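Some notes on the structure that comes next.
Every read-out reported here was derived from the displayed coordinates using simple, explicitly stated rules and does not represent laboratory data. Note that this is a predicted model, so its numbers are computed, not measured. No Cβ is skipped: glycine too gets one built from the backbone with ideal geometry, and neighbour counts run over all protein chains shown.
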Amino acid sequence: MAKLTMKEIAKKAKVSQPTVSRVLNGHKGVSEEIVNAVMKVVEEVGYVPNKAAQTLKRSSTNIIGISTREIDNPYFVDIIDSLELEARKNGYNILLHNSKYNPVTEWENIQNFVSRQVDGIIIVPSSDFNLERISKLDIPTVVITNNKKMLDSVGINHLQAGKLAGESFIHSGHKTFGYIGSIRDDEKFYGLESVLQENGFMFDPNNFLLVESSNDSFMIRRYIEKFLDESEKLEFTCLFAENDIMALEFMRAAQQRQIRVPEDVSIIGFDDTYLSKIMEISSMHQPIKEMVKTTFEILLNRIHQEVPSSLVNIMMEPTLIERKSSKFRRR
C-alpha cells in the first residue's frame, strides 16, 4: 500500500494536520479520543513517517535499540541490566527508551531507533498497537517478556504462573481466594481461576482487587486502603498479585490493620524481584538471564541472517519460590 501523508491521515481521521503531527510526535494535551482516532487510521494504512522509513543502513552501528514500557518496576530494572550486560558481551551498546505504556511514545521511540540506524530492536511492547508496523520495518526486532504472533518473541508462561499459585494455595488448605491486578484480562488471573475450577472451587469476583497502576506504589496503596476500608473482613485467606510491588503494598497495608501474613492471609507475588527477596514474599520466579540470552541469540541470528524466515516464539516456564508470606498450612 502506498504511504499516506499526514495531510491524508488528517482527512481520514477528520482532524487537522497539526493535530496528526502532535499525535505522531507524542505531544501531551491531545485528548484520548483524538489520539485513538488518529492511531486507528495509522494502523489501518500502515503509515510510516519519513524518518522511520529510512531503513537502508550504510553500515553497522553496533547499537541495539531497547524500548521498555516502564522503568520503575524492579523487574524491568533487572531486565534492562541483563540486556545491557548481554549487549556488551556481544560487542553492542544499547539505546534505551521508555514508552510509559503510551503507544504514541512507543512509536516515536521506534522512529528514533530507525533514524539512529540501530542494528536491531528489543521491545517490551506497551500494547499490540504498533507491532504490525514494527514488523514491516527492515530492522530485526524481538519482543521480550511477551509472546506475540507478528514478531520473534521470548516470553513467560503467565497462565502457568497462575496455575502454580492456585495449586500452592489449594495444597495449603485455602478455600477462598483473592487476586490483585491492573487488568482483568490477564493470563495470570485466568490460570488461577482455571485451576480453582478444576479443583471444585469458584473465584468470587468481589475478591478481585482492581488497581489502575501496575507500578506506582502510592496509587496501588490507595486502592488497597480503599478496598480494606470498605471490607468488614477479608473474604479470602490467600492472595495472588500481578507483581511484587502489589504483593508488598498489600502485605504492608494488611499488617497495619493487624491482619497477619501468612496466618490470616497468604500472599504470592510475581517476578521474584529484590523486593520479594528482602521482604520474604513468595513469588513467581522468571529466568531473566536465560530469557535475555535467548532473546539476544535470536536477534543476532536475525542480524546475521542465520535463521529461517519463519517467526521464532519461545515460552519459558516460571517457578514458585516459597518464602514466609505463604508458608502456612491451614487446617
The helix 187-198 Cα axis meets the longest alpha-carbon principal axis of the chain at an angle in degrees, between 0 and 90 and rounded to 10, of 40 degrees
Once you charge only the Cβ atoms, +1 for Lys and Arg and -1 for Asp and Glu, what is the size of the charge dipole of the chain about its Cα centre, to the nearest 20 debye? 760 debye
Starting at the first residue of the stretch 267-275, write each ³J(HN,Hα) from the Karplus equation 6.51 cos²θ - 1.76 cosθ + 1.60 with θ = phi - 60°, in whole Hz, x for Gly and Pro. 10, 10, x, 9, 3, 6, 7, 4, 4
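Calculate for the chain the 222 nm mean residue ellipticity that helices alone would give, adding -39,500 (n - 2.57) per DSSP H run of length 4 or more and normalising by residue count, nearest 500 deg cm²/dmol. Mind dumping the intermediate values first?
On the way: 13 runs with 142 residues, N = 331.
That comes out to -13000 deg cm²/dmol.
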Using a cut-off of under 17 Å, list every residue of the stretch 142-170 whose amide N is near the label point 7 Å from the Cα of Met202 along the Cα-to-beta-carbon line. none
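Round to the nearest 0.05 the FRET efficiency obtained for Asn93 and His171 when R0 = 51 Å and r is the Cβ-Cβ distance.
On the way: r = 47 Å, r/R0 = 0.92.
E between Asn93 and His171, to the nearest 0.05, is 0.60.
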Could you calculate the FRET efficiency of Arg116 with Lys324 from 1/(1 + (r/R0)^6), where r is the beta carbon distance between them and R0 is 41 Å, rounded to 0.05? 0.30
With springs only between Cα atoms under 10 Å, which of Glu106, Glu306, Glu84 fluctuates most in a Gaussian network model of the chain? Glu306
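Under 1.5 on a/c is rounded, so check that first for the chain, then, if it is not, pick prolate when a/b is larger than b/c and oblate when it is not; a ≥ b ≥ c are the square roots of the alpha carbon gyration tensor eigenvalues. Please report the intermediate quantities before stating the final value.
Details: a/c = 2.39, a/b = 1.67, b/c = 1.43.
Prolate, since a/c reaches 1.5 and a/b exceeds b/c.
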Quick query: amide H of Val143 versus all other amide H atoms, modeled in the peptide plane; which residues come in under 5 Å with a sequence gap of 5 or more or a different chain? Ile123, Asp152, Ser153, Val154
Once both label points are put 7 Å beyond Cα along the C-beta direction, the Glu33-Lys14 separation in nm becomes 1.1 nm
What is the spin-label model distance, in nm, from Val312 to Arg184 if the labels are put 7 Å beyond Cα along the C-beta direction? 3.9 nm
So how do 277-285, 6-14 stack up, highest first, on mean other-Cβ count within 10 Å? 277-285, 6-14
FRET efficiency for Tyr101 and Tyr274, using Cβ-Cβ distance with R0 set to 30 Å, rounded to 0.05: 0.85
Along the three principal axes, how long is the stretch 145-278 when you take its alpha carbons, biggest first, rounded to the nearest angstrom? 47, 36, 27
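Starting from 0.36 nm per residue, how many nanometres of slack lie between Glu44 and Met219 once their C-alpha separation is accounted for? Don't skip to the end; give the middle numbers.
Details: separation 175, 0.36 × 175 = 63.00 nm, distance 3.51 nm.
Length difference between fully extended and current span is 59.5 nm.
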Over 25 Å between Cα atoms: which of Lys289/Lys327; Lys100/Lys289; Lys149/Lys289; Lys163/Lys327; Lys7/Lys40; Lys148/Lys226 fall into that group? Lys289/Lys327; Lys148/Lys226
Test of understanding: what is the full-extension gain from Arg257 to Ser127, defined as 0.36 nm times their sequence separation minus their Cα-Cα distance? 43.1 nm
